[in-house]
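Structure first, then comments.
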Amino acid sequence: MLHFARLACVGLLLLATSKSLNAAERMIVLTPCARDVGVAGAECGTLEVYENRDTSEGRRIGLKVVVLPALSNDPKPDPLFMLDGGPGMPATRMADGVKAALWRIREQREIVLVDQRGTGESNGLHCSGVDSIEIVGNEYPYEVVRECMENFDADLSLYTTPIAMDDLDDVREALGYEQINLWGGSYGTRASLVYLRRHSDRVRSVILDGVAPTGMRLPLHMGEDAFRSIQLVFDNCEADADCNASYPNLREKYQTLLSRLESAPESIRVPHPRSGLMTDYTIRRNDAVEQLRTALYSADATRLLPLIIQHAHDGDYAPLLAQSEHGSEAIAKLAAGMLFSVLCTEDVRYIDESDLDWIAADSSRRTSIVEIWTKVCESWPKGVLPAGYHDPVVSDKPVLVLSGELDPVTPPRWGAMAAEHLSNSLHVVVPGAAHGTMGYGCVHRLMADFLDRGSVSDLDPSCVEELGRPMFFRSSTGPRVGVSREVGSD
């Protein structure tokens with residue numbers, strides 16, 4: 001008992017003496033965060049910026065900032081800023097998740113999370129009825145979106161990536177950092193690249209996880225990138241004796257399913273995935289495609305895809321509808337207003353008739369997202385982009401580029417394209433990983449090594465070669481009994 005008490009005292013002493021970096025120089029008042037942040041010792045604050053940075057007049061936005069103090073008593077001077085995806089996801093939601101995945105990084109560096117303007121508690125542009133919409137059996141609520149657009153307390157043309165990255169540099173300065181490291185995931189990679197281009201002298205190093213470069217023009221390639229990913233599901237299932245025996249001719253059954261739904265959507269009555277109440281649905285081709293595309297974002301979720309496709313082919317859509325719950329909690333945090341402010345300005349308005357003809361020429365390129373976003377963006381306010389915004393970002397700063405082999409939306413080809421213009425970069429394709437690699441296998445250790453070095457020189461990524469796709473489910477009870485494969489552990 002006495003020994004335990006002594007250890008507790010030592011722990012309290014360490015906690016008390018582990019101080020935030022540059023605390024005396026900070027212009028943001030940081031106080032202990034509310035418990036919902038989920039990280040002991042986390043500090044929260046707000047930095048006000050003008051919505052219109054050019055005029056420095058009018059509406060101001062309070063940017064929500066969360067700082068996870070370094071565990072060391074002598075932390076490095078350059079923290080890790082983490083930029084989340086979407087667009088529209090609040091970065092501060094990641095606090096609880098990164099405390100375990102990035103513990104080694106946090107030993108030496110503070111981790112800083114900032115809700116980008118238009119997300120979370122930074123004047124979040126949430127649209128009730130859109131942020132958490134169910135895709136299956138529902139028409140997109142254009143009237144709801146239009147009403148939200150008209151009632152937001154915001155100039156929606158001022159919620160673009162370049163403006164937000166200038167906000168981020170204000171946060172850097174207000175926290176007293178000379179240089180920072182960046183981690184971006186999904187859309188956060190674009191934001192990181194834009195920050196790198198606009199504030200290069202403030203960047204020590206960058207980690208890009210699932211690259212969405214400035215020239216990507218979302219959602220132009222989402223159909224073909226998802227098609228590639230689901231073809232890998234079929235390839236892997238055919239190469240797996242157990243999966244192939246359980247779901248023979250899966251590729252053909254998938255095409256048969258889509259053709260059938262294209263010809264005649266099917267009306268069904270099944271229990272709702274959340275409430276359990278009997279609910280009527282109309283299943284269309286696009287519904288099936290979008291639900292399966294959503295599952296492809298997670299390598300673990302793809303374990304069920306052969307089973308889902310087989311059941312849907314046989315007329316049982318319950319597993320497909322259950323898939324609609326995948327990621328629903330995260331989607332509920334998405335700020336649809338910010339998403340459209342970014343995409344309508346930076347992507348969709350640069351998709352022309354020739355692009356639409358290119359999509360129509362091949363069914364593998366089709367996705368209903370193109371039609372939905374194009375229609376929304378017809379009336380959405382557009383911002384102004386800097387000249388050359390869509391050009392590749394060129395830099396000699398150290399950049400670690402990570403791509404999931406199975407990623408359905410930012411596959412390795414986009415990482416390779418970005419890396420071509422980053423002369424001091426290393427592109428690592430992580431086998432068996434999908435959209436986002438940070439929590440997969442040894443990747444967190446690779447990231448920590450990279451930040452310790454501040455260089456890709458002599459960085460050894462060979463540990464990822466041991467990784468692979470999780471085993472497919474043979475039935476609703478799981479993979480074959482008595483067989484296991486360690487994936488995603490380190």
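The values are calculated or read from the model by the stated rules, or taken from the named source; none is laboratory data. Keep in mind the model is a prediction, meaning the values are calculated, not measured. Every residue, glycine as well, gets a Cβ built from its backbone with ideal geometry; the counts of neighbours run over all protein chains shown. Side chains included, ligands, DNA and RNA excluded: accessible areas come from the protein's heavy atoms. Shrake-Rupley method; radii C 1.70, N 1.55, O 1.52, S 1.80 Å.
A few notes on this one:
- Checking Tyr297, Tyr281, Tyr317 one by one, the residue that is under 26 Å from Gln231 (Cβ atoms), touching a strand residue (DSSP E or B) at 6+ places or on another chain (Cβ under 6 Å) and aromatic (Phe, Trp, Tyr) is Tyr317 and no other.
- Breaking point among (1) closer than 27 Å to Pro386 by Cα; (2) at pLDDT 95 or above; (3) not aromatic (Phe, Trp, Tyr), for Lys76: (1)
- Residues in the range 81-93 that are within 16 Å of Val171 (Cβ to Cβ) and in a helix (DSSP H, G or I): Ala91, Thr92.
- Screening Pro381 with (1) surrounded by 15 or more Cβ atoms within 10 Å (Cβ to Cβ); (2) at pLDDT below 95 gives one miss only, at (2).
- The residue that is most open to solvent (accessible area, probe 1.4 Å), counting only those in the range 363-378 that are of a type in the set (Val, Ile, Thr) and touching a helix residue (DSSP H, G or I) at 6+ places or on another chain (Cβ under 8 Å), is Thr374.
- Qualifying positions in the range 363-378 - in a helix (DSSP H, G or I), among the hydroxyl-bearing types (Ser, Thr, Tyr) and within 27 Å of Cys127 (Cβ to Cβ): Ser368, Thr374
- Number of residues in the range 273-293 that are touching a residue at least 12 places away in the same chain (Cβ under 8 Å) and either exposed (fewer than 15 other Cβ atoms within 10 Å of the Cβ) or within 26 Å of the chain's Cα centre (by Cα) (or both): the value is 13.
- Test for Pro412: is it out of contact with any helix residue (DSSP H, G or I) (no Cβ under 6 Å at 6 or more places or on another chain), free of Cβ contacts under 8 Å to residues at least 60 places away in the same chain and buried (at least 20 other Cβ atoms within 10 Å of the Cβ): yes
- Taken over the range 54-83, the criterion of being surrounded by 21 or more Cβ atoms within 10 Å (Cβ to Cβ) and among the small types (Gly, Ala, Ser) is satisfied by Ala70 alone.
- When the criteria are applied in full, Tyr297 meets the requirement of being under 30 Å from Thr92 (Cα atoms), open to solvent by 20 Å² or more (accessible area, probe 1.4 Å) and among the hydroxyl-bearing types (Ser, Thr, Tyr).
- Residue identified as part of a loop (DSSP other than H, G, I, E, B), buried (at least 19 other Cβ atoms within 10 Å of the Cβ), hydrophobic (A, V, I, L, M, F, W, C) and at pLDDT 95 or above among Ala434, Ala387: Ala434
- Residue in the range 46-53 that is open to solvent by 20 Å² or more (accessible area, probe 1.4 Å), of a type outside the set (Phe, Trp, Tyr), closer than 24 Å to Ser192 by Cα and assigned to a loop (DSSP other than H, G, I, E, B) present: yes
- Subset tally (residues that are open to solvent by 10 Å² or more (accessible area, probe 1.4 Å) and either within 16 Å of Pro75 (Cβ to Cβ) or in contact with a strand residue (DSSP E or B) (Cβ under 7 Å, 6 or more places away or on another chain) (or both)) for the range 89-98: 2
- Single condition Ala448 does not satisfy, out of (1) free of Cβ contacts under 8 Å to residues at least 60 places away in the same chain; (2) surrounded by fewer than 23 Cβ atoms within 10 Å (Cβ to Cβ); (3) part of a helix (DSSP H, G or I): (1)
- In the range 348-362, the residues that are surrounded by fewer than 19 Cβ atoms within 10 Å (Cβ to Cβ), touching a residue at least 60 places away in the same chain (Cβ under 8 Å) and assigned to a helix (DSSP H, G or I): Tyr350, Asp355
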